[in-house]
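A quick write-up on the structure given underneath.
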């Protein structure tokens, strides 16, 4: 009977202590955000805002010239439309492996996908896709050391776009990294 009465206080104490860990974690996160914002401001940024709460880094910065930049590292939600390249059918986006940078001059997006399909099957999907997307543009395709890479470069006046798709085997999965950079 004595152990039954002791159980409730022990459980309550455990819950309280776990809650304290959350408060401490949040305080540490806020301190890190403030430190990053301070460093950015010391390097010429104005009104730097950093958020570390979404398993990545989100920051909005206004530079010394008044131009705003937005950065999302490791937690961005990237779409096929943003990359300009279709995602491999059935592949899933790797959590924590997508980033976006947006500036007044352009931007860049990166995402990594994963599929259980063989590298050869992934390459058979992307080769015709890249040729179609790259029609009339500079296209490079290479295969080396178990890695298949495609690049498309194009420019029109000051505007340019570079798209890179890289597929490689990683254990039981084929990882596909898509990186697109655009300038205005």
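May I ask you to give the average projected area over all directions of the convex hull of the Cα atoms of the range 71-184, in nm² rounded to one decimal?
For the range 71-184, the mean projected area of the Cα convex hull comes to 7.1 nm².
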| query | Cα extents of the range 56-95 along the three principal axes, largest first, in whole Å? | reply | 44, 22, 8
| said: Using a 10 Å cut-off around each Cβ, can you sort 113, 52 from fewest to most neighbouring Cβ atoms? | reply: 52, 113
| message | What is the distance in Å between the Cα centroid of the range 44-87 and that of the range 142-157? | response | 25 Å
| field | Cα→Cβ-extended label distance, 7 Å offset, between residue 155 and residue 70, nm | value | 2.8 nm
| Label-point separation, residue 93 to residue 108 (7 Å along Cα→Cβ), nm | 1.9 nm
| query | Once fully extended, how much extra length lies between residue 181 and residue 131, figured as 0.36 nm per residue of separation less the alpha-carbon to alpha-carbon distance? | reply | 16.2 nm
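Only the coordinates and a few stated rules stand behind these numbers; no lab work does. A quick note: this is a predicted structure, and the numbers were derived from the prediction, not measured. Please note: Cβ atoms are built from the backbone with ideal geometry, for glycine as well, and neighbour counts cover all protein chains shown.
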